[in-house]
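Every number in this text was worked out from the coordinates using simple rules, so none of it is lab data. Computed from a predicted model, the values in this text were never measured in an experiment. Methodologically, a virtual Cβ is constructed for each residue, glycine included, from the backbone with ideal geometry; neighbour enumeration extends over all protein chains shown.
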Amino acid sequence: MTQTLRTTDIASRSIASIEGCTRQYPGVLALDNATFAVAAGEVRALLGKNGAGKSTLIRLLTGAEIPDSGTVRIDGEELRHSGSSRAQDAFEKGVRVVYQELSLVPGMTLAENLFLGRWPRKGGIIQYSEMEAEASEAMGRLGLDRAPNTLVARLSPAERQLLEIARVLLGKPKLVILDEPTSSLAAAEAEKVMAAVTRIAAEGIAVIYVSHRMNEIRQIAHSATIMRDGRIIDTVDVKGADTREIVRLMLGAEASKAAALENRSQEQTVLEVRDLRLAPKLSSVSFQLKAGEVLGIAGLLGSGRTELLQAIMGVRSQDAGEVLVDGAAVKSGRYKQMIAKGFGYTPESRKEEGIVPLLGVDENTLSTNFAGISRNGILSARMMADATRKVIQRLHIKAAQTDTPIGTLSGGNQQKVVIGRWVYANSRVLLLDEPTRGVDVEAKAQIYAIIRQLAAEGRSVIFVSSEIEELPLVCDRVLVLRDGTLQKEFKSPHIDQDALMAACIAGH
């Protein structure tokens, strides 16, 4: 049974709180009479699907938004200003936030990024020795063991996330808000960030931790607040929380049991990889993919999952081995050839490599085959709209218009467009690298359903994910990639999460 915490108990010792806050935008009730409080030294998880009101609640606490009604207090003092003065007031009272998309400058050093925009100067000259000494101390506080003059471009994703957190810790904050801090990290890397969060809380700093990863939340959070449709549904003790109950609270009447997978894979082998090698990540990888099969690839960060997909797709040239399509070998490094053979690839980084944010849903969707919506070499606006509308309807993409800039869509809808690009191209084999990264529970379920429907139509899918718990929900078979080769195979319905994780981390 999930144990509910009384908000009044937390509020009595709170660092930050909102009381009876409502915030409405044109046609949208973003926050509905919400009351929330987080205490000093507490790690509070904030859960809810996209549109639940999490971002609005965060903006109220940071002073970026003013509630239509209700009060916001930081360390017992109400935020009263408006405009930029309100955000400055919240900052001075000790509120800091690290957003999902990092804001580091790769060509600058750790120290320069840490003090970006406020470098210590004397007589107009930047005091590098002073800056680097303070940077070393700040980074050591989070367990980041790197020289302060190291370029950010050389850091791992986890180290970059730690640097972002170190930056907001300058100036003795009282509340730190972390928005999906591990969404781009695999389990081993995420551990470093979670250890840093634990250190922050131990110093008496309140932490609001937004994440969709229940395993992480159980490790570091003291409590979890669940939001739905702009309302705070409940605040529960994480230790006694039942995952199924939390999902029910998040989705409400929409919650449902996952249907048993129906394996539609056929005897026909559409893809075969033989002894593929790509130094330093892949030493010898061999497997087959059947028509209508969803094949999962599990493994820790750095295991070579992305490199494997890129080698198959021709984005990278392998050092040795063969890739066979329908029994015929394909020359390495031939991306266009793979597209012509009916392959599609969605990259790990949706924002940086998967979409063009300022272009419309239509242009992002149809970019794989402009010839199909052209007349005499000229794009037809009507044909573009019709073709995009079909993909939108089929994949249940929420967009106001077919030409709505994709950058304005939620992460889940952006990801569905990226997949829809290859559905429109009629690709028969899809290589999906982290297709549910950074999307909410509802969007994940929709993406799973899309993948299973594609498999039912006879298409084949390779599904790479660092979230072990989702692989049994969508895959007919899962292969574990470790130490440069495939170590173990699991078949549905006997894919055990614990055994799968153990196979991934064995030897590490």
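When both the stretch 375-415 and the stretch 147-184 are represented by their alpha-carbon centers, they are found 36 Å apart.
When the charge dipole of the chain is built from unit charges on Cβ atoms (+1 for Lys and Arg, -1 for Asp and Glu) and taken about the Cα centre, the candidate among 296, 63, 355 whose Cα reaches farthest toward its positive end is 355.
Could you order the peptides 449-458, 97-106 from most to least packed, using the average number of other C-beta atoms within 10 Å per residue?
On the way: 449-458: 17.2, 97-106: 15.1.
Taking the mean over residues of other Cβ atoms within 10 Å, the ranking is 449-458, 97-106.
Highest mean packing first, where packing is the average number of other Cβ atoms within 10 Å per residue, the peptides 155-168, 72-85 line up as 155-168, 72-85.
Could you compute the net charge surrounding residue 405? Neighbours are other residues with a C-beta less than 12 Å from the C-beta of residue 405; K and R count +1, D and E count -1. Present the calculation step by step, with values, prior to reporting the outcome.
On the way: positive: none; negative: 362, 363, 403.
Spelling it out: positives minus negatives among the neighbours equals -3.
Cross-link partners of residue 336 among aspartates and glutamates, defined as those whose alpha carbon lies under 20 angstrom from its own and excluding same-chain residues fewer than eight positions apart: 272, 307, 319, 322, 326, 348, 353, 363, 433.
The alpha-carbon of residue 174 sits under 16 angstrom from the alpha-carbons of these lysines, leaving out residues fewer than 8 places away in its chain: 93. For the chain, averaging the sequence separation of C-alpha pairs within contact (under 8 Å, six or more residues apart) and dividing by the residue count gives a relative contact order of 15 percent.
By the scheme Lys and Arg +1, Asp and Glu -1, what is the net charge of all other residues having a beta-carbon under 14 Å from that of residue 335? Charge balance in the 14 Å sphere: +4.
Using DSSP, restrict attention to beta bridges with both residues in the stretch 266-415 and report what percent are antiparallel, rounded to the nearest 5.
Numbers: 17 of 17 bridges.
Given both bridge residues lie in the stretch 266-415, the antiparallel proportion sits at roughly 100 percent.
For the pairs 54/192; 49/398; 341/398; 290/491, flag any whose C-alpha to C-alpha distance is greater than 21 Å. Exceeds cut-off: 54/192; 341/398.
Using equal-weight Cα scatterers in the Debye expression, the normalised intensity of the stretch 228-367 in log10 at q = 0.10, 0.13, 0.18 Å⁻¹ is -0.57, -0.83, -1.08.
Note that the chain shows a convex hull volume over its alpha carbon atoms of 173 Å³ per residue. The peptide list 490-499, 470-479, 111-120, put in order of mean Cβ contacts within 10 Å with the highest first, becomes 470-479, 111-120, 490-499. The alpha-carbon atoms of the stretch 409-485 define a convex hull whose volume equals 100 cubic angstrom per residue.
Given an 8 Å cut-off on Cα distances and at least 6 residues of separation, report the relative contact order of the stretch 104-171 as a percent. Mind showing how you got there, number by number?
On the way: 75 pairs, mean separation 28.9, N = 68.
That works out to 42 percent.
Each label point was placed 7 Å from the Cα along the Cα-to-Cβ direction; for residue 151 and residue 488 their separation is 4.0 nm.
The ranking of 130, 467 from fewest to most other beta carbons within 10 Å of each one's beta carbon is 130, 467. Considering only 195, 217, 105, and ranking their Cα positions along the charge dipole of the stretch 84-217 that arises from unit charges at the beta-carbon of Lys, Arg, Asp and Glu, the one farthest toward the positive end is 105. Pair-distance distribution of the stretch 104-171: all C-alpha pairs, bin width 5 Å, starting at 0; shares per bin in whole percent are 3, 20, 33, 26, 13, 4, 1, 0. Taking every DSSP bridge with both residues inside the chain, close to 60 percent are antiparallel.
Using the 10 angstrom Cβ neighbour count as an exposure proxy, how do 370, 343 rank, fewest first? Intermediate values should be presented prior to the final figure.
Working: 370 12, 343 25.
Least crowded to most crowded, the residues run 370, 343.
With a cut-off of 11 Å between beta carbons, the residues surrounding residue 65 carry a summed charge of +2, where Lys and Arg count +1 and Asp and Glu -1.
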